[in-house]
Every structure is written in structure tokens, then in C-alpha cells.
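Encoded as C-alpha cells, the structure appears first; notes follow it.
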Amino acid sequence: MKKSREIDIFMASKVLGHEVFHEETGEIREQLPSGQSRPLRAYSQDIAAAWEIVEKLGITLLPVEDGWFAMVGEKRGWSSPAEFLRYLQRADFVHSGAALGDKAPMTICMAAMKALEHRPDATPDGTALS
């Protein structure tokens, strides 16, 4: 299986809390909390899909020279740009996840995965893993 597809499965199951399953045809699907299922989205390749991760976790995404910087803070989102700058100045990233990359969707996924390393018993937004 391609590495990006493994990341897509991880994003669907661990970050978004979707059940991921294989159909008899080999297609990988994800079941949403509503009970509906859909083909597994390409979170690591498609910005529209990756944006679900951004919204779920409150990821900060900044363009940088030759790519993107994505960061999951210690809480979901920031009350103001000034709060974000103070957080960066403190440089206390124990409960955050950050990534730098050339493609925004993969950078978003890498930041989310890094945040999970720091919070093994919960999703990066603080909800318990199922």
C-alpha cells in the first residue's frame, strides 16, 4: 500500500474518528459518525480533504518560502494573532505538533500525526480515542 494511503487511513480513523474498512472490491471506505460511508478521502494529497483535518484540530497553516508550515497548538485555535505569536515566542511545544513541507495537504497530516505523538490517549483536539 502506498505510504500516502496509509496516512489517509490514519487521518480518517485516528484524527477524525471514522471507521475505515475494505469492501470486497478492494475499495477502501470510511464510515462517518452519521453512519454514511464514502470512499476514503485523499487527506494527504487533496487540500479539500485535508481541510477537514484543519477544521477538526484548529491547525494553523502558514505559507513559507518553498512550502507550508502547519501547527497544532495545545488547544484548538487561537483567540487572536497576538496569542499565536506569544505561543511561538514561549517555544513550549510539548503538547503541539508542527510540520514543514512543500505540499499543504501532506504538511497538515504530518502536523496532526506529530500532535498525536504528544497526546497518545487522545486525538489532537483533546477528545478520547475510541
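Per the conditions (1) in contact with a Ser or Thr (Cβ under 9 Å, 6 or more places away or on another chain); (2) under 24 Å from HIS118 (Cα atoms), the sole criterion not satisfied by PHE21 is (2). Going residue by residue through the range 117-124, is there one that turns out to be at pLDDT below 95, part of a strand (DSSP E or B) and within 21 Å of ALA49 (Cα to Cα)? The answer is no, given that none of the residues of the range 117-124 is at pLDDT below 95, part of a strand (DSSP E or B) and within 21 Å of ALA49 (Cα to Cα). Looking at ASP102, ASP66, just one residue is exposed (fewer than 12 other Cβ atoms within 10 Å of the Cβ), under 20 Å from LYS3 (Cα atoms) and touching an Asp or Glu at 6+ places or on another chain (Cβ under 9 Å), and that residue is ASP102. Hey, could you check the range 68-94 for residues that are of a type in the set (A, V, I, L, M) and either touching a residue at least 60 places away in the same chain (Cβ under 8 Å) or in a loop (DSSP other than H, G, I, E, B) (or both) and say which is farthest from ALA115 (Cα to Cα)? That would be ALA91.
Scanning the range 19-46 for residues that are outside any strand (DSSP E or B) and touching a Lys or Arg at 6+ places or on another chain (Cβ under 9 Å) turns up GLU23, LEU32, LEU40, ALA42, SER44, GLN45.
The values are calculated or read from the model by the stated rules, or taken from the named source; none is laboratory data. This is a predicted model, so every value here is computed, not measured. Here Cβ is always computed from backbone atoms with ideal geometry, including for glycine, and neighbour counts include all displayed protein chains.
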